[in-house]
Each structure stands twice: as C-alpha cells, then as structure tokens.
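In what follows, a single structure is set out as structure tokens and then discussed.
The values are calculated or read from the model by the stated rules, or taken from the named source; none is laboratory data. What you see is a predicted model; the values in this text were computed from it and never measured. Quick reminder, even Gly has a Cβ in these numbers, built from the backbone with ideal geometry, and neighbours come from all protein chains shown. Heavy atoms of the whole protein, side chains included, go into the accessibility calculation; ligands, DNA and RNA do not. Shrake-Rupley method; radii C 1.70, N 1.55, O 1.52, S 1.80 Å.
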Amino acid sequence: MSITENIKTILATLPEHVTLVAVSKTKPVSDLKEAYDAGQRVFGENRIQEMTEKWEILPKDIEWHMIGHVQRNKVKYMAEYVALVHGVDSLKLLKEINKQGKKYNRKIPCLLQVHIAEEDTKFGFDEKELKELVDNSEFLGLTNVTIKGLMGMATLTDDMKQVRREFKSLKTLFESLKSNFKNLEILSMGMSGDYQVAIEEGSTMVRIGSSIFGARK
Ligand SMILES: *Cc1c(COP(=O)(O)O)cnc(C)c1O
C-alpha cells in the first residue's frame, strides 16, 4: 500500500478526538511530501537536526512534533517553530525550553513524558517525581512553556494485557493531574503496534510511523 492509502486507512479508524502524528523519522522528504499531499499536517521526528532540515524545506503549515529524547544543547534549533515537544523528562530540560521560548517570545507547548513501561531503559518521570514537580516553585515560575498533557510508551511486548495496563495507569495519572494544570488536554500514547489499545484506554494523540511509511532501516 502507498503512504496515501495507509494514511487514509488509519484515519478512517481513528475517532474524531484523536490526532494522528505521522512519525517520519529517517524517511526522505519525498515521503513526507506524499503524506502532505494526502492532507497530513502533523509530523513527528526524533532528532532535532533532521527535523529542522525538513522544516526548512517543507511547507510552513506543517506542525512539527519532537517525539524523541531531547538534548538540552539542541533545543535552540527548534525553539522558533516546534509545535509540541512530547519527550520532556526533567525540570532541567523544561527550564532550557522555557529559556529558548523566551527568546522567540513564545510559550512552547510541551508534554511531560511518563515512564510507564516495565523495562528501565525508557526516559520519563515516574508518578512520584511528577507529583513533586507540580509543587516545585521553579517549575511553577516558568512563563514560556505550556504543559499540554502527558506522553508515554508502553513496554515493547506482544502481551497486550500488559500494554493495556500501562496505558490505563497513564490515563489515571492524566486525570489526576487535571486539577494541577488547566491546559491538560493531550494524552499522547500509542504507536503502530498498539494504538488501537491506546485509544480504547483514552489516548487523544497517536504517533504512527511504520504503518504509514513502512519499516525503518
Ligand atoms: C519511532 C517512534 C514512534 C513510531 O513508531 P512506529 O512503531 O513506527 O509507529 C512513536 N513514538 C516514538 C516516541 C518513537 O520514537
């Protein structure tokens, strides 16, 4: 199937309240252009340099989402244009995004990444760290970031019961934090292999790569 057909097929199954992020990391600009021509406007990348190169070339009505682990010294390259940073996993990083946001006179939309998977290689806050963060005065004083929601990645496993459990725990945490944040509306969870389960468990944003663009090398 072509990229265009894949997008159409996926969109047909997504409820209206769920946003599709087309994860185009490692893929050539021509693939993104095909997705763009099919109407897709939200793209996800996991390397700031690659995302910036694509941003420079492609039409300016694209929303660029940074979905990967963010290195603090690279935030400056995307601060002007990034539409949503999914992988915010420390106060230190948030302070750097805030600082760069100030330079461009914008409030940069961010998601706090939560560690929900069993494997401990994944980045993200745990529940206790999040609860501490929301009372932290330095955090509360940040003026140029907006916390729009949470992001999480489930364990890479065929055990869909476990995946469902992990998504459910993120959804519960998301609901419990709504009293702390007035702009909490995005729950970014679900990739090619598990997005249907994620949607059943309350996802509002799915990040889909290989099911649109094919396998990566
Ligand atoms: C690569 C990536 C995706 C997309 O993965 P697919 O399995 O190709 O859909 C989603 N989220 C993050 C954070 C990623 O790094």
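Over the Cα atoms of the chain, the radius of gyration divided by the Kirkwood radius equals 0.95; this is the Rg/Rh ratio.
Highest GNM mean-square fluctuation among K27, K182, K171, for the chain modelled with Cα contacts below 10 Å: K182. Each Cα pair under 8 Å and six or more residues apart adds its sequence gap; the mean of these over the residue count of the chain is a relative contact order of 20 percent. Loop sites by DSSP among the GluC sites (Glu not before Pro) of the chain, restricted to those with at most 16 other Cβ atoms within 10 angstrom, leave 120-184 as the longest stretch without any of them. Dipole size of the range 3-212 about its Cα centre, with +1 on Lys/Arg Cβ and -1 on Asp/Glu Cβ: approximately 800 debye, rounded to the nearest 20. A 1.4 Å probe, protein heavy atoms only, puts the accessible area of H115 near 60 Å².
Among the lysines of the range 156-217, pairs that are 8 or more positions apart or on different chains and have alpha carbons within less than 22 Å of each other number 4. One decimal place: the segment K178-K131 gains 15.7 nm when fully extended, by the rule 0.36 nm per residue minus the C-alpha distance. Extension gain for S210-F139 works out to 22.0 nm (0.36 nm per residue, less the C-alpha to C-alpha distance).
Across the accessible surface of the range 3-212, with the other protein chains kept in place and a 1.4 Å probe, carbon and sulfur atoms take up 49 percent.
Shape class of the range 134-217 from the alpha-carbon gyration tensor: prolate, with a/c at 1.5 or above and a/b greater than b/c.
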